[in-house]
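**Student:** Have a look at this one before I ask anything.
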Amino acid sequence: MKWVSVNNGTSNENFELWEADKKLAVISFSNTTRIARIVSNLGKRLFFFEKKGLLTPKAIFKNEYGIKMGKLELDKHGAQNGHLEIEEKKYHYIFNENNSGELKVYDETMQENLITCSFPVTNGAIKTTSFLDTKLPSLLLVLCWYSFQKKNTHPQVMEAIA
């Protein structure tokens, strides 16, 4: 899978999630409001993201009703790997290992690779700012939510997204 940036001149950043030659989802993300809108074969959803904590910063992930769905924590300050929790299940993630631009999500014990996805890395932004200050934690959380929901439903591919 891969996220592809498809900005269309709007103030939001737009991304498409692709697997091989099939579009799975479209997300519109606003850095100013920290809101993401996703359209997929699972329907339309709205997610809110908050950055919390000074000593142990984390990203909090809420649905359109304000209910906490998960969180992402760094292993250490400045790291691009850590732990995430989605709907009370824990996972470990590693991003951009060996400058690959890929994200890998493992089960809690690091025994099984559950998701591999390439992410758009632009102009070294990851290296010059905190990982939590970028859009990547939001894309990561939405990707995990989508992937884990998709495994519980019949696989379908989006035919067209307006």
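**Student:** Among residues belonging to the stretch 71-117 that are touching a Cys at 6+ places or on another chain (Cβ under 8 Å) and β-branched (Val, Ile, Thr), point out the one that is nearest to Ser5 (Cα to Cα).
**Tutor:** Out of the qualifying residues, it is Ile115.
**Student:** For residues that are in a helix (DSSP H, G or I) and either at pLDDT 80 or above or surrounded by fewer than 17 Cβ atoms within 10 Å (Cβ to Cβ) (or both), tally how many sit in the stretch 96-137.
**Tutor:** 7
**Student:** Here are Leu54, Leu72: which of them is hydrophobic (A, V, I, L, M, F, W, C) and either modelled with pLDDT under 85 or within 19 Å of Gln111 (Cα to Cα) (or both)?
**Tutor:** Leu54
**Student:** Of the residues Ala36, Ala59, Ala79, only one is of a type outside the set (Val, Ile, Thr), under 25 Å from Thr109 (Cβ atoms) and within 13 Å of the chain's Cα centre (by Cα); which?
**Tutor:** Answer to the check: Ala59.
**Student:** If the requirement is being buried (at least 18 other Cβ atoms within 10 Å of the Cβ), more than 15 Å from Leu141 (Cβ to Cβ) and in contact (Cβ under 8 Å) with a residue 12 or more places away in the chain, which of these qualifies: Leu24, Leu72, Leu17?
**Tutor:** Going through Leu24, Leu72, Leu17 in turn, just one is buried (at least 18 other Cβ atoms within 10 Å of the Cβ), more than 15 Å from Leu141 (Cβ to Cβ) and in contact (Cβ under 8 Å) with a residue 12 or more places away in the chain: Leu24.
**Student:** What are the residues in the stretch 92-110 that are over 14 Å from Asp75 (Cβ atoms) and more than 17 Å from the chain's Cα centre (by Cα), if any?
**Tutor:** Across the stretch 92-110, the qualifying residues are Asn98, Asn99, Thr109.
**Student:** Can you list residue pairs whose Cβ atoms sit under 8 Å apart, with the first residue in the stretch 29-48 being on the phi < 0 side of the Ramachandran plot and of a type in the set (A, V, I, L, M) and the second being surrounded by fewer than 16 Cβ atoms within 10 Å (Cβ to Cβ) and part of a loop (DSSP other than H, G, I, E, B)? Count only pairs 6 or more apart in sequence or on different chains.
**Tutor:** Val39/Ile161; Leu42/Thr153; Leu46/Glu64
**Student:** Follow-up. Could you list, in sequence order, the residues of the stretch 7-21 that are at pLDDT 85 or above and not polar (S, T, N, Q)?
**Tutor:** Within the stretch 7-21, Phe15, Glu16, Leu17, Trp18, Glu19, Ala20, Asp21 qualify.
**Student:** If you don't mind, another one. For the structure I just gave you, tell me whether Gly66 is of a type in the set (Gly, Ala, Ser), modelled with pLDDT of 85 or more and under 14 Å from the mean Cα position of the chain (by Cα).
**Tutor:** When the stated conditions are applied, Gly66 does not pass them.
**Student:** Being assigned to a strand (DSSP E or B) and modelled with pLDDT under 85 is the filter; apply it to the stretch 75-95 and report the residue that is nearest to Val39 (Cα to Cα).
**Tutor:** Phe95
The values are calculated or read from the model by the stated rules, or taken from the named source; none is laboratory data. Values in this document were obtained by computation on a predicted structure and should not be read as measured data. A quick note on method: Cβ atoms are made from the backbone with ideal geometry, for glycine too, and the neighbour counts reach across all protein chains shown.
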